[in-house]
1. Along the principal axes of its C-alpha atoms, what lengths does region 256-332 span, in descending order and rounded to whole Å?
2. When only Cα pairs under 8 Å and 6 or more residues apart are kept, what is the percent relative contact order across the chain?
3. Could you check which residue among THR84, THR56, THR140 shows the biggest mean-square fluctuation in a GNM of the chain with a 10 Å Cα cutoff?
4. What list of ³J(HN,Hα) values in whole Hz, one per residue of region 224-229 in order, does the Karplus curve 6.51 cos²θ - 1.76 cosθ + 1.60 (θ = phi - 60°) give from phi, with Gly and Pro shown as x?
5. On average over all directions, what projected area in square nanometres does the chain have, based on the convex hull of its Cα atoms?
6. Charges only on Cβ, +1 for Lys and Arg, -1 for Asp and Glu: so what's the dipole of region 89-170 about the Cα centre, in debye to the nearest 20?
7. Taking R0 as 41 Å, what's the FRET efficiency between ARG28 and ASP235 from their Cβ-Cβ distance, rounded to 0.05?
8. What is the spin-label model distance, in nm, from ALA78 to HIS260 if the labels are put 7 Å beyond Cα along the C-beta direction?
Amino acid sequence: MTSRADQADQAEHPVLTADLVPRPRGPRVEFGTWTHAVERSVLRFRFDCERPGAFTGVVSNRPLADVNFVDMECGRHAAHRDATTISEGEPPYCVLTLQLSGELRLAQDDRVAVLKPGLFAIYDSAKPATLISSDDYRSTCIRFPRRYLGGRHDDPLAGITATAFDCAPGLPSAVWDMLLSLNRNVETLGPNGPHAVRSVLDLVAVMLRAERGERAAGPADPREALLERVRAYVDEHLSDPELGPAGIAAAHYVSPRSLHNLFARTGFTVASWIRARRVERCMRDLADPLLREVPVAALAARWGFTSASHFGQVFKRETGRTPAEFRQDSLG
């Protein structure tokens, strides 16, 4: 049962209205069955529960492509990601969790987020974490491969794991509206479902970059704002094989020298940033089961690579695997 305090919190967050948030499907189950369901749907944890005999919970998982939409309700418990549950060969995932009722304390990277209804946070499967829930806990979790956030040369989650964000009007509310809508309609999205999910996860990445920038940068920096515009421009024009520093500089009314200076403190050149972003998009397509039959050369051309052999060399240098090896490992 949702408490009056939680009902009041939900009234202030339109994204949490009952018609938007799916309830977990299926019967409530005992502690051992529930923990196994969490491990299958989200991640492996080491669980603690003061009264396992009195514990009940329900978990429902709506998978689509390589993304899991997980709704859960349960009683008080703790879940730990540590050396006993983190596998070195496990692909890295992000888990985005939106609190619907009760309270969750999420600890990671020496930070602790206290989530009440209407707040959300993200954590990294590859790092130790502790999650402690109250009674009357209810949440929606989105588990997705970390590659959706890009940032193979830096940490896209730096500074924002285990941080409470408000699902307030604006970008957070809009993104969660779409995530919850996808969650409700997973079974009826048809063949375009995976593409819809990937598009919304692009917006998740934008939302998290915005939150990361606001927390790290403080007052707006004109150079940082220009860099973000340039990066957005690059993403919009990756399919153009002629994309390069001269055209990007002209589109933003700066000199090529100024553009190169802008990137100097990022650890990338303009060209290496374009190349990295193209490889990331190709990685996503190669891991897409709906594109399994599309030739590697066609996927490479889609993102601006003019030569299949050049793409193969770049991909191997950036990822350590050939495109065919990466596709095989991703699709099984």
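The values are calculated or read from the model by the stated rules, or taken from the named source; none is laboratory data. Note that the structure is predicted; figures quoted are calculated from it, not measured. Glycine gets a Cβ as well: all are built from the backbone with ideal geometry, and neighbour counts include every protein chain shown. All accessible areas refer to the heavy atoms of the entire protein, side chains included, with ligands and DNA or RNA removed. Shrake-Rupley method; radii C 1.70, N 1.55, O 1.52, S 1.80 Å.
1. 44, 21, 20
2. The normalised contact order for the chain reaches 13 percent.
3. The residue that fluctuates most here is THR84.
4. In residue order, the calculated couplings are 5, 4, 5, 4, 5, 5 Hz.
5. 18.0 nm²
6. The calculation lands at about 200 debye.
7. Given R0 = 41 Å and the Cβ-Cβ separation, E is 0.40.
8. Placing both labels 7 Å along Cα→Cβ, they lie 5.5 nm apart.
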